[in-house]
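Scroll down for the structure; my scribbles are underneath it.
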Amino acid sequence: MTNHNIAKQAQFDLRLFAWREDLAAAKLRGQVKAAQYVAGEEAQITAPVADLRALPNDEAVLQTQLLYGEPFCIYEEKNGWAWGQAGLDDYVGYLRADNLTPLSQQAQSAPPDHQIATLASFIYPKQDIKARPLMALSMGARVKLTEKTERFAYVDNVGWVITSHIRPLTKPKSDYMAAALQFLDSPYLWGGRSHLGLDCSALVQLALMQAGFTCPRDTDMQENALGRAVLDDNLQHEYLQRGDLVFWKGHVGLLQSPTELLHANATYMKTIIEDFTTARKRIAKIQGDISSIRRLID
């Protein structure tokens, strides 16, 4: 990489800016230097969970995952891989091209209007819970409904989902902690973002999105963007409250109470509720002490 682009990389976070030396998003023209600029093609994730990787290789680092119905902009498709940018949190990377469908190729172009509001829910070929499910969708997956009854709702061109498992995108959940608690005991997975496995920042992101918040993907992004800082260095419990976000360098958790921390972590390899003081001492040995506590709602 040239000195010019090294300097630019420091300015533009490549997790969030679609830029390589050979190719960049057209919206970055004039800001970064690339051999080619493309407008991109809007698409939608059509797999239950799609792995977004750092390189076009199944062995490459898993950066994050995208869920069914989420938007994605394709800037390049080559050798079965699509390089582009997630529509909800702007994360850039490579995913298998067969995990998405360009909007231009879809029979209907109306955007999703509901999301899965439970930990997971099955899609059935007919209104029968004994039927073999077509797929399982995780919390946050987005669907377009064309029919709804008291028991079942039809996901356009796919199948039937349990009506009580979905929520209109226009009516977010009022309590993000209740959403986060649904992931209790879910396995830990670096880069994971579904009920099958998730990491600490994905737990925060998925829970906040259920409550209608816009939330970045990674811990450092969240610490810079969410809420306001609270407390001084003493971290007295009486000043803490349920829903506060606790940040360490490379880790985040949510306070279930002033003395309880809910977090997905690699020590226990699952999402747990842990004594806050105990967790703080243990994490400090690895990642240093708390960098900040942030509050979203007063």
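The values are calculated or read from the model by the stated rules, or taken from the named source; none is laboratory data. Since this is a predicted model, take the numbers as computed values, not measurements. Cβ: placed from backbone, ideal geometry, glycine included. Neighbour counts: every protein chain shown. Note: areas computed on protein heavy atoms with side chains; ligands, DNA, RNA excluded. Shrake-Rupley method; radii C 1.70, N 1.55, O 1.52, S 1.80 Å.
Taking trypsin sites (Lys or Arg not before Pro) as candidate sites, keep only those in a DSSP loop with at most 13 other Cβ atoms within 10 Å, then name the longest stretch of the chain containing none of them.
With a cap of 13 other Cβ atoms within 10 Å, the longest stretch comes to 152-298.
Can you return the aspartates and glutamates within cross-link range of Lys126? Criterion is Cα-Cα under 15 Å, with same-chain partners fewer than 8 residues away left out.
The qualifying aspartates and glutamates are Glu147, Glu150, Asp156.
Points 7 angstrom from Cα along the Cβ direction at Asp13 and Val61: gap in nanometres?
1.4 nm
Can you classify segment 217-288 as rounded, prolate or oblate using the Cα gyration tensor, where a ≥ b ≥ c are the square roots of its eigenvalues, rounded means a/c under 1.5, and otherwise it's prolate if a/b beats b/c and oblate if not?
It comes out rounded by the Cα gyration axes.
Taking the Cα centre of the chain as the origin, how large is its charge dipole in debye, to the nearest 20, when only Lys and Arg (+1) and Asp and Glu (-1) carry charge on their Cβ atoms?
The dipole of the chain has a size of about 240 debye.
Using Cα positions and a limit of under 28 Å, work out the lysines in reach of Lys78, with same-chain residues fewer than 8 apart set aside.
The qualifying lysines are Lys8, Lys27, Lys33.
Rounded to the nearest 0.05, what FRET efficiency do Gln31 and Leu119 give with R0 = 45 Å and r taken as the Cβ-Cβ distance? Could you check?
That pair, Gln31 with Leu119, gives E of 0.65.
Name the long-range amide H neighbours of Trp81: under 5 Å, sequence gap of 5 or more, or other chain; modelled H, no Pro or chain starts.
Long-range HN contacts for Trp81: Ala97.
Can you pull the one-decimal nm distance between simple spin-label points at Phe213 and Leu296, each 7 Å off the Cα toward Cβ?
0.3 nm
In square angstrom, what is the accessible area per residue of the chain with a 1.4 angstrom probe?
48 Å²
With +1 on the Cβ of every Lys and Arg and -1 on the Cβ of every Asp and Glu, and nothing else charged, how large is the dipole of segment 182-280 about its Cα centre, in debye rounded to the nearest 20?
About 320 debye.
By the gyration tensor of its Cα atoms, with a ≥ b ≥ c the square roots of the eigenvalues, what is the shape of segment 154-298: rounded for a/c under 1.5, prolate for a/b over b/c, or oblate?
prolate
Using the reciprocal of the averaged 1/r over all distinct C-alpha pairs, how large is the Kirkwood radius of segment 257-296 in Å?
Across segment 257-296, the inverse of the average 1/r is 10.8 Å.
Looking only at chymotrypsin sites (Phe, Trp or Tyr not before Pro) in DSSP loops with at most 15 other Cβ atoms within 10 Å, what is the longest site-free stretch of the chain?
1-189
At a 1.4 Å probe radius, carbon and sulfur cover how many percent of the accessible area of segment 1-139?
Whole-percent figure for carbon plus sulfur exposure: 50.
Ignoring everything except DSSP H segments at least 4 long, calculate the 222 nm mean residue ellipticity for the chain; use -39,500 (n - 2.57) per segment, divide by total residues, nearest 500.
Computed ellipticity for the chain at 222 nm equals -4500 deg cm²/dmol.
Order Thr146, Thr219, most accessible first, counting only protein heavy atoms with a 1.4 angstrom probe.
Thr146, Thr219
Evaluate the charge dipole of segment 84-174 about its Cα centre and quote only its size in Debye, nearest 20, assuming +1 on the Cβ of each Lys and Arg and -1 on the Cβ of each Asp and Glu.
The dipole of segment 84-174 has a size of about 320 debye.
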